[in-house]
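What follows is a short report on a single structure.
The values are calculated or read from the model by the stated rules, or taken from the named source; none is laboratory data. From a predicted model like this one, the values you see are computed outputs, not experimental measurements. Glycine also receives a Cβ, built like all others from the backbone with ideal geometry; neighbour counts cover every protein chain displayed. Ligands, DNA and RNA are stripped out before the accessible areas are found, and what is left, the full protein with its side chains, is counted by its heavy atoms. Shrake-Rupley method; radii C 1.70, N 1.55, O 1.52, S 1.80 Å.
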Amino acid sequence: MSRKRILIVLGFATVALDAVVLALDHWISRAGGPGILGLELAGSRKQAQRIMAEWGADGRAAARLSLQIDYAFLLCYGAFFTLAGLAVRDWSRAQGRRWMASMGVFVPWFAAAAAVFDACEDALLLLVLAGHGGDAAPIVATVCASLKFALIAIAIAYALVGGLLWVRSRVRGGERVAVRAGE
């Protein structure tokens, strides 16, 4: 299967799973208190316990389900943005866009790293929801969430900039042939 087809499948799966996770987050919020993001960034056992108490049993069940589904979501978005970044890198190399190509040596892997931090965060939050993990789990989950958000934001920005440059080259009537100084 070509990278293009894989990206299409992963893109649809990412959007579909994100819709499910967002629907569950709405359910969690309706139970009372913040959505799942509140627990991700709780930062302490006391704050996590307060959030879970606000949610009640229904909200905690929805949060548990959301975290379990998030494993499929993180696999999809991690793979999608890693492959999209690699495609941007390859196109940038072919077009002589040295700066974008050099960033493509490491930035696409930020998406994969974000997914790993997300998986660790989910495991820790599932422990917290089960009443385990002590004082450390909420703190480490918050650190993992923060790193996840930073890394995926950079990976998404790289893929979007590359995509916009690709579209611009197509609109201007073809592929770039000359290399401008400073790129």
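Output the number of residues of region 8-35 satisfying the condition of being without any contact (Cβ under 8 Å) to a residue 60 or more places away in the chain, open to solvent by less than 30 Å² (accessible area, probe 1.4 Å) and in a helix (DSSP H, G or I).
Summing the residues that are without any contact (Cβ under 8 Å) to a residue 60 or more places away in the chain, open to solvent by less than 30 Å² (accessible area, probe 1.4 Å) and in a helix (DSSP H, G or I) in region 8-35 gives 3.
Quick grid of which residues meet (1) aromatic (F, W, Y); (2) open to solvent by 10 Å² or more (accessible area, probe 1.4 Å); (3) under 27 Å from G56 (Cβ atoms); (4) not in a loop (DSSP other than H, G, I, E, B):
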residue	(1), (2), (3), (4)
W109	yes, yes, no, yes
V116	no, yes, no, yes
D122	no, no, yes, yes
H132	no, yes, yes, no
A141	no, no, yes, yes
C144	no, yes, yes, yes
L147	no, yes, no, yes
L160	no, yes, no, yes
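So in region 44-97, with the set limited to residues that are over 24 Å from G133 (Cα atoms) and of a type in the set (D, E, K, R), which one is most open to solvent (accessible area, probe 1.4 Å)?
So the residue we want is R93.
State whether one or more residues within region 27-45 are of a type in the set (K, R), at pLDDT 95 or above, under 24 Å from L147 (Cβ atoms) and over 21 Å from the mean Cα position of the chain (by Cα).
Taking region 27-45 and keeping what is of a type in the set (K, R), we get 30, 45.
Filter again for at pLDDT 95 or above, leaving 45.
Subsequent filtering for residues that are under 24 Å from L147 (Cβ atoms) retains 45.
Applying the additional criterion that residues be over 21 Å from the mean Cα position of the chain (by Cα) yields 45.
Yes, that holds for at least one residue.
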